[in-house]
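Only the coordinates and a few stated rules stand behind these numbers; no lab work does. No experiment lies behind these values; they were computed from the predicted model shown. Quick reminder, even Gly has a Cβ in these numbers, built from the backbone with ideal geometry, and neighbours come from all protein chains shown.
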Amino acid sequence: MPAEPQSILSAYATTHTAFLHAMGEAGTEALIPLLALSGTESVVELGFGTGATLVKLKSRYPKLRLSGIEASTEMKAIALKRLRFCRLENSISLYLLEETGSLPSLHTDLVYAESVLGILDEKSLSQALALVHRILKPEGLLYLNDSIWLEDISPEDIRRINDFCQKTLGIPQCNEQFQGIEKTRAYFQQHGFNMVRHVNLDPGMTKLWHGTTLRERCSKLFSLFGKYLAAKNRNTRQKIVASQKVSGSIFEPGKAYLCGTLMVFKKSAIPNTPLP
Ligand SMILES: C[S@@+](CC[C@H](N)C(=O)[O-])C[C@H]1O[C@@H](n2cnc3c(N)ncnc32)[C@H](O)[C@@H]1O
């Protein structure tokens, strides 16, 4: 599982790191307009990490019925602290994966996940998609921000890089199912999701957003506080520095391997299974 205590994600929880996905905060800012929210929908974030996107969405759409699902107890604990710090703890519900049995089926308008599905192994990925399929309303929407492999990367390179990342960081780089749009589309179709749109994230998007709410500023302060605490903790500091060194050695310099991609899927029938 990617959320094991020894994975680098554990150190990122300690440092309150926000926007751990393709293009960071700019990736989230590119995702939000795509969600095309009216503001009262029932929305679930899968794999909310330290909770920064939850704060961003709820502060911009106060009437949203917003919940989050996480696999890691450490991440959930930090996200809860962030929500408390931003005075949002009573307006967003957080669940651990093992608590999702209590979530009603067919009640969610929209699910989004940023850099979550790509780091799952085949079994966890199928289970996550089955959960999303169960809670979404018929024709409900799934939005992803994931880095997917470019089509010309060989299966051997993908396996080598994933093995290396798993060994050194405790998480793979990206599931081999997510390679190029067509293969990714076909994979999701088998799990009951039709791709309706995809957008390549572009590094030119880094300054896309305009202003932030007071709660978002509190959230940024909370992230900074995590960095300050981490700077004082030798163990965490060493882990982060070591992971940065490893990250710098994963790819051949000058060669592109992955593309940050926003993808929109509509829930459909799982092949051979009628919709409930
Ligand atoms: C790379 S982090 C991204 C966190 C957050 N979405 C962000 O962008 O900052 C992936 C997150 O997914 C969580 N996760 C892993 N497997 C999961 C699963 N099956 N269901 C929900 N969350 C999961 C991890 O614990 C981690 O917090």
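See the values below:
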quantity: Quarter of Cα convex hull surface for segment 49-120, i.e. mean projection, nm²; calculated: 5.1
quantity: 26 Å Cα-Cα threshold exceeded, pairs from Lys167/Lys255; Lys183/Lys266; Lys58/Lys167; Lys63/Lys227; calculated: Lys58/Lys167; Lys63/Lys227
quantity: Karplus 3J(HN,Hα) series, Hz, for segment 24-41 with 6.51 cos²θ - 1.76 cosθ + 1.60 (x for Gly, Pro); calculated: x, 4, 5, x, 5, 5, 6, 6, 4, x, 5, 5, 6, 6, 8, x, 10, 5
quantity: For segment 1-137, diffusion coefficient by Stokes-Einstein and Kirkwood Rh (Cα), 10 °C, 1.306 mPa s, µm²/s; calculated: 105
quantity: Prolate/oblate/rounded label for segment 117-222 (Cα gyration tensor, a/c 1.5); calculated: oblate
quantity: Estimated 222 nm signal from helices in the chain, with DSSP H stretches of n ≥ 4 weighted -39500 (n - 2.57), rounded to 500; calculated: -13000 deg cm²/dmol
quantity: Proximal charge balance of Leu144 [Cβ under 15 Å; K/R count +1, D/E count -1]; calculated: +2
quantity: Placed amide H near Phe193: partners under 5 Å, 5+ positions off or other chain; calculated: Ser268
quantity: The chain: most fluctuating residue of Lys183, Lys245, Lys255 per GNM, C-alpha cutoff 10 Å; calculated: Lys255
quantity: Space enclosed by the convex hull of the alpha-carbon atoms of segment 8-267, per residue, Å³; calculated: 125
